[in-house]
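These notes concern the structure reproduced below.
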Amino acid sequence: MGQQEKMYDLIGVGVGPFNLSLAALLDGFEQVDSLFFEQNEGFDWHPGMLIEGTKLQVPFLADLVTMADPTNPYSFLNYISKNDRMYQFYFLQRLDIPRREYNDYCQWVAEQLDSCQFGKRVTGVRHVKETETYYEVEVTDLSTNETSAYRAKNLVMGTGSEPVMPKSFQGLPEKDVFHTANFLPNQERCRHAKSITVVGSGQSAAETFRELLKEQRNCGFRLDWITRSPGFASMEESKLSLEHFSPDYVNYFYQLPQKQKDEIFASQGLYYKGISNHTINDIYNLLYEYSIGRDELNVGLQVLSEVNDIKQKTDGTYELSCYHWQKKEEFTHESEMVIAATGYKPNVPAFVHHLEDFLEWDDEGRYKVTADYRLKQQKPSENEMYVHSGISHTHGVGSTNLGLAVHRNKVIINHLLDREVYPMNEKNIFQSFTV
C-alpha cells in the first residue's frame with residue numbers, strides 16, 4: 001500500500017450533493033487543502049430515477065453555493081449562463097428545475113473541481129496518534145486496484161443513503177424484482193411485461209407509477225400499485241410548513257431530548273415522504289383520460305395492504321402474499337414484475353463501526369452528533385469527523401433536504417476555520433418554534 005506524505009486539512013468520503021457543495025465552497029480558500037473521494041466513476045445523482053418530466057423538490061436557489069454566496073462561480077445561474085441557456089431559462093419562468101438538469105449542473109461543477117476524485121473507494125479509516133494526530137484514510141483506485149493511504153487532520157462523511165429492499169424481496173431475479181432506484185435501467189424490460197406491480201408509497205413510487213401509467217395503454221401490461229398506507233397521501237407543501245426545513249427548526253429540534261426527537265420525527269412523514277401534489281394530479285388526470293369510453297382500465301390502486309412475502313411461481317411470475325390490516329384479511333396478488341418503492345436508509349460504511357471505541361454511540365446504536373455536525377468522540381481530539389449522512393435522529397426532518405445543504409456547510413466551514421467566514425442569521429423564518 002502506497003503512503004501519501006502530504007497532510008490534508010480535510011478529506012471527504014463520498015461526493016454527493018452535500019460534499020460537492022462543501023468542495024465548491026472551499027474551492028476559493030487557499031488555507032484549506034481538501035480532497036474528496038467518490039467510488040463511482042463520475043457524479044450521478046439517483047441516476048435510476050432521472051425520469052424526464054420529474055422536478056427537483058426545492059427551488060433552484062438551493063444549488064450548491066448560492067445560499068452562502070450568490071456570487072460564487074459554481075452557482076446554478078452561472079451554469080445556465082455558461083451553457084448559453086439564460087433566455088430559455090428566463091422564459092421558463094419556474095423556480096423548480098428538471099431533476100435531470102440538477103444532475104447535469106452538479107456534473108458541471110464536479111468536473112471543474114480538482115479536489116473531487118472519482119473512481120476512488122475509501123476502504124478504511126483509523127485515528128493515528130504519533131508526533132501529531134491525524135486520520136489515515138485507505139483509498140483504493142478502482143481502475144488499477146491499487147491502494148494508497150492518505151493523511152488528514154479532519155474528515156467529512158457524505159456517504160448518502162442506500163436502497164432498502166425487504167428481506168422477502170431479496171434473492172429473486174433482479175430483472176423481475178428490483179428497487180425504484182433501478183427503474184430506468186429496467187424500463188425497457190417493463191415495456192414487454194404482461195403485468196407490473198409497484199409496492200410502497202411516497203414520491204419515488206408515484207413517479208415510477210406515473211411513468212408506467214403513461215406507457216400502459218400502448219404496452220398493454222396490467223399495472224397495480226399496492227401500499228400499506230391508508231391512502232396516497234400528499235406531501236405537506238404549504239409555505240409555513242416548509243419552514244420546518246430551516247436552520248431555525250434544526251436548532252430547535254436539536255435541543256430536544258432524544259426520546260422526544262424520535263417521537264416527533266416519526267410523526268413528520270408527510271413533510272418528506274408524501275407525494276407532491278403535481279405528481280398526484282398528473283396520475284389522476286391520466287386515470288381520468290384513460291377511463292373515457294372504456295369498460296376496463298386494467299389498472300389497480302390498493303391501499304391499506306401490506307406485502308408480507310413474495311414467491312416465484314413455476315411459470316416465472318410472482319405471487320405476493322398480502323394482508324389488509326384494517327379488515328384483517330389475507331389475499332394474494334400475482335404479477336410478472338415487482339418494483340419496490342421501499343425507501344432508503346443511511347449508508348454508514350463499515351469502517352465507521354471500526355471506530356466504535358473512538359466515537360460515542362446512543363442506545364439505538366446510532367452515532368452521536370454535535371449541533372455543528374461533528375461526530376462526538378469518547379475523548380477530546382484535535383481531529384474532527386464532520387458528517388452529512390445519518391443525522392435525522394439528531395437534526396430532524398431536514399437532514400436530507402437539499403435546501404439545508406449549504407447552511408450545513410457554512411456551519412462546517414466556520415468551525416473548520418475557527419472564524420465566522422459566513423454569518424449565521426438567528427432568525428430566518430416568520431414563525432417561532434420556541435418561546
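Just one of the numbered conditions (1) out of contact with any Gly (no Cβ under 8 Å at 6 or more places or on another chain); (2) at pLDDT below 95; (3) not assigned by TED's automatic domain parsing to the domain that holds residue 169 is not true of residue 316; which one? Of (1) out of contact with any Gly (no Cβ under 8 Å at 6 or more places or on another chain); (2) at pLDDT below 95; (3) not assigned by TED's automatic domain parsing to the domain that holds residue 169, only one is false for residue 316: (3). Taking the conditions exactly as written (under 16 Å from residue 223 (Cα atoms), of a type outside the set (Ser, Thr, Tyr) and surrounded by 11 or more Cβ atoms within 10 Å (Cβ to Cβ)), does residue 299 satisfy them or not? Judged against the criteria, residue 299 is a match.
For first residues located in segment 281-307 and β-branched (Val, Ile, Thr), partners that are in a helix (DSSP H, G or I) and lie 6+ apart or on another chain with Cβ distances below 6 Å form the pairs 283/210. Scanning segment 157-184 for residues that are assigned to a helix (DSSP H, G or I) and under 23 Å from residue 311 (Cα atoms) turns up 167, 168, 169, 180, 181, 182. Of the residues 9, 27, the single one that is crowded, with 16+ Cβ neighbours inside 10 Å, farther than 17 Å from residue 105 by Cβ and of a type in the set (Asp, Glu) is 9.
Matching residues to (1) within 21 Å of residue 99 (Cβ to Cβ); (2) in the same structural domain as residue 326 (by TED's automatic domain parsing); (3) modelled with pLDDT of 95 or more; (4) of a type in the set (Gly, Ala, Ser):
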{"position": "215", "(1), (2), (3), (4)": "yes, yes, yes, no"}
{"position": "218", "(1), (2), (3), (4)": "no, yes, no, no"}
{"position": "227", "(1), (2), (3), (4)": "no, yes, yes, no"}
{"position": "251", "(1), (2), (3), (4)": "no, no, yes, no"}
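Within segment 414-425, not a single residue is touching a His at 6+ places or on another chain (Cβ under 8 Å) and not assigned by TED's automatic domain parsing to the domain that holds residue 203. Of the residues in segment 33-54, none is modelled with pLDDT of 95 or more, over 30 Å from residue 143 (Cα atoms), of a type in the set (S, T, N, Q) and over 16 Å from the mean Cα position of the chain (by Cα). So, in segment 362-415, of the ones that are among the polar types (S, T, N, Q) and assigned to a helix (DSSP H, G or I), which residue ends up surrounded by the fewest Cβ atoms within 10 Å (Cβ to Cβ)? Per the criteria, the residue is 414.
What's the number of the condition residue 254 fails, among (1) of a type in the set (Ser, Thr, Tyr); (2) surrounded by fewer than 21 Cβ atoms within 10 Å (Cβ to Cβ); (3) in contact (Cβ under 8 Å) with a residue 60 or more places away in the chain; (4) within 26 Å of residue 308 (Cα to Cα)? Just one mismatch for residue 254, condition (4).
Within segment 114-133, the residues that satisfy the criterion of being touching a Phe, Trp or Tyr at 6+ places or on another chain (Cβ under 8 Å) and either free of Cβ contacts under 8 Å to residues at least 12 places away in the same chain or of a type outside the set (Lys, Arg) (or both) are 115, 116, 117, 118, 122, 123, 124, 125, 127, 128. Is it the case, given these coordinates, that residue 96 is surrounded by 14 or more Cβ atoms within 10 Å (Cβ to Cβ), charged (D, E, K, R), without any contact (Cβ under 8 Å) to a residue 40 or more places away in the chain and not assigned by TED's automatic domain parsing to the domain that holds residue 308? Spelling it out, it is not the case that residue 96 is surrounded by 14 or more Cβ atoms within 10 Å (Cβ to Cβ), charged (D, E, K, R), without any contact (Cβ under 8 Å) to a residue 40 or more places away in the chain and not assigned by TED's automatic domain parsing to the domain that holds residue 308. Listed here are the helices (runs of 4 or more DSSP H) enclosed by segment 191-299 that have at least 1 residues being in contact with a strand residue (DSSP E or B) (Cβ under 7 Å, 6 or more places away or on another chain): 203-219, 277-291.
The values are calculated or read from the model by the stated rules, or taken from the named source; none is laboratory data. Just so it is clear, the structure is predicted and the values come from calculations on it, not from any experiment. So basically every Cβ, Gly included, is an ideal-geometry build from the backbone, and we count neighbours across all protein chains shown.
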